[in-house]
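Accompanying notes for the structure given below.
The values are calculated or read from the model by the stated rules, or taken from the named source; none is laboratory data. Model, not experiment: these values are computed from the prediction. Every residue, glycine among them, receives a Cβ derived from its backbone with ideal geometry; neighbour counts consider all protein chains shown. The accessibility values were calculated without ligands, DNA or RNA, using every heavy atom of the protein model including side chains. Shrake-Rupley method; radii C 1.70, N 1.55, O 1.52, S 1.80 Å.
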Amino acid sequence: MKTLYSIGIIIGLVLLTMHGVFAESLISFDQNIKPNPYATDDLISRAGTMNIPPGIGILTSTEIIEPYWAPKDDILPIRIEFSPVNENGPIADISIVGQDMYQFGNEVKGLSFSNGVPLNIVTKYLINSSANIPYYVILKNSLDRGDTIHDFNLAYSAEYEPITYNRTAYSSGNPEGTYETSMGAINLSFSDKANELPYINGTLNDGYVIGGTLNGPVWFGSWGPDDAVFDKNPNQATFGQFMVVYHEGWSSFSGTKGIWHSCSNDGPFTGEKVTV
């Protein structure tokens, strides 16, 4: 089962990488946890340290909680967090771009989980770091409200895969324009910046909109219906996320898209510019 998950992760990463390279393991551990019902968010423990490599890349973490007891409000258990070793030093730009959750070998597309069944959470992060920066991997001792108090085993691993690209090849042109894509025609234009990074958005067919942050050659964000489409039939509305890499000269892009929390479970997302 775990092997099948790993294969799926690798396939997704290949689609998002400019040049094929092997993923680098940054950290892994497997330990039994005894939750502290009286712990607060300030009571944490360090599960280990990982070194974030310089440059832009994809960090994929795999977290297996066994057994998993679903909380009353169908919220994900937040067990792992990252924190720079040197709080006064440089920090990496770390953004969650997708999350896949599995039980019984199948993906859980909503937040409705089964009690007592191992929960596998695969989280994909886009990282852009100016240097090699050590980060603590923090294990929270606190419980989310509504959790059942019980012991569980936590297996965790994180792998990093760089995205290499020729910066000079992106110095001319820009990503604005009309594209023919696997989701239909899109006219993309710059909007306000998000966290000091450019933001690109556009309109898809049937009143759906798409938008996201441009970090290096990587465009990532979300898509879904505009207000008019949603209000007309909210039960039929579909939302999702995406992450693509622009090719040299900004003339096309390729990557994946997903529904719910995932950026890859709905298959490839490609586009080619037809007008500037």
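Looking only at residues in segment 235-253 that are polar (S, T, N, Q) and in a helix (DSSP H, G or I), the one that is farthest from S189 (Cα to Cα) is N235. The condition of being of a type in the set (S, T, Y) and modelled with pLDDT under 95 holds for only one of T148, T123, that being T148. Counting the residues of segment 224-252 that are open to solvent by less than 30 Å² (accessible area, probe 1.4 Å) and closer than 20 Å to V209 by Cβ gives 8.
Taken over segment 166-223, the residue count meeting the criterion of being open to solvent by less than 40 Å² (accessible area, probe 1.4 Å) and aromatic (F, W, Y) is 5.
Hey, can you tell me all the residues within segment 258-276 that are open to solvent by 40 Å² or more (accessible area, probe 1.4 Å) and either under 21 Å from S171 (Cβ atoms) or in a strand (DSSP E or B) (or both)? Matches in segment 258-276: P268, T270, E272, K273, V274, T275, V276.
Does Q241 meet the test of being under 28 Å from D100 (Cα atoms) and more than 19 Å from the chain's Cα centre (by Cα)? No: the conditions fail for Q241.
If the condition is being within 19 Å of N205 (Cβ to Cβ) and either at pLDDT 95 or above or not polar (S, T, N, Q) (or both), then segment 235-257 contributes A237, F239, G240, Q241, F242, V244, F253, K257. All told, G255 falls short of being open to solvent by less than 10 Å² (accessible area, probe 1.4 Å), without any contact (Cβ under 8 Å) to a residue 40 or more places away in the chain and farther than 15 Å from G173 by Cβ. Within the set N115, N106, the sole residue that is open to solvent by 30 Å² or more (accessible area, probe 1.4 Å), free of Cβ contacts under 8 Å to residues at least 40 places away in the same chain and not β-branched (V, I, T) turns out to be N106.
Condition check for I96 on (1) more than 19 Å from Q241 (Cα to Cα); (2) open to solvent by 30 Å² or more (accessible area, probe 1.4 Å); (3) modelled with pLDDT of 80 or more: one failure, at (1).
Looking at G105, G110, which one is farther than 22 Å from N51 by Cβ and either at pLDDT 90 or above or in contact with a Ser or Thr (Cβ under 8 Å, 6 or more places away or on another chain) (or both)? On inspection, the qualifying residue turns out to be G105.
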